[in-house]
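Asks: Sharing a structure below in structure tokens format, with a few things to ask.
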Amino acid sequence: MSEPPRLDIDALRTRLEELRDEIRELLRGTAEDARPVDLDQPIGRVSRADAMQQQSMLAANRATAQRRQQQVEAALRRIAEGEYGECAACGEDIDPRRLLAQPEAPLCVACQGLRER
């Protein structure tokens, strides 16, 4: 079995900062569209239902982006505090391959699996 790659904290910090900026831009760009649908707006019933459905999906996507933004900010704080790469639940090192795939991950694969069950 091959050895996991070494963590390049500077590269991961850069990726996290870029991800943070992308999420901020996404949230800024969708803020106006996330406003509730005006039920008094003179559009057809089907169009109104469509608009409400789209607004609901956008709100869910924005909530997911906001949660991910919080995770990214927390990961950047862990880097600053020298705790990045340690599982927040068990304290063991998180596999570098997991951090390369999801740099904001606060938990190792085992603890994430337990949380999801």
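Asks: Can you confirm whether Val109 is surrounded by 12 or more Cβ atoms within 10 Å (Cβ to Cβ), over 17 Å from Glu17 (Cβ atoms) and modelled with pLDDT of 90 or more?
Replies: Yes: the conditions hold for Val109.
Asks: Does region 81-106 hold any residues that are part of a loop (DSSP other than H, G, I, E, B) and surrounded by fewer than 17 Cβ atoms within 10 Å (Cβ to Cβ), and which are they?
Replies: Within region 81-106, Glu81, Gly82, Glu83, Ala88, Ala89, Cys90, Gly91, Glu92, Gln102 qualify.
Asks: From (1) assigned to a helix (DSSP H, G or I); (2) at pLDDT below 95, pick out the condition that doesn't hold for Arg78.
Replies: (2)
Asks: So, in region 70-83, exactly how many residues are closer than 18 Å to Ala101 by Cβ and under 15 Å from the mean Cα position of the chain (by Cα)?
Replies: Total satisfying the criteria: 5.
Asks: Would you please list the contacts, defined by Cβ atoms under 9 Å and residues six or more apart or on different chains, that run from a residue in region 60-74 that is within 17 Å of Arg15 (Cβ to Cβ) and in contact (Cβ under 8 Å) with a residue 12 or more places away in the chain to a residue that is assigned to a helix (DSSP H, G or I) and among the polar types (S, T, N, Q)?
Replies: Matching pairs, first to second residue: Ala65/Thr30.
The values are calculated or read from the model by the stated rules, or taken from the named source; none is laboratory data. Quick caveat: nothing in here was measured; it's all calculated off a predicted structure. Note that we place each Cβ from the backbone using ideal geometry, even for glycine, and neighbour counts take in every protein chain shown.
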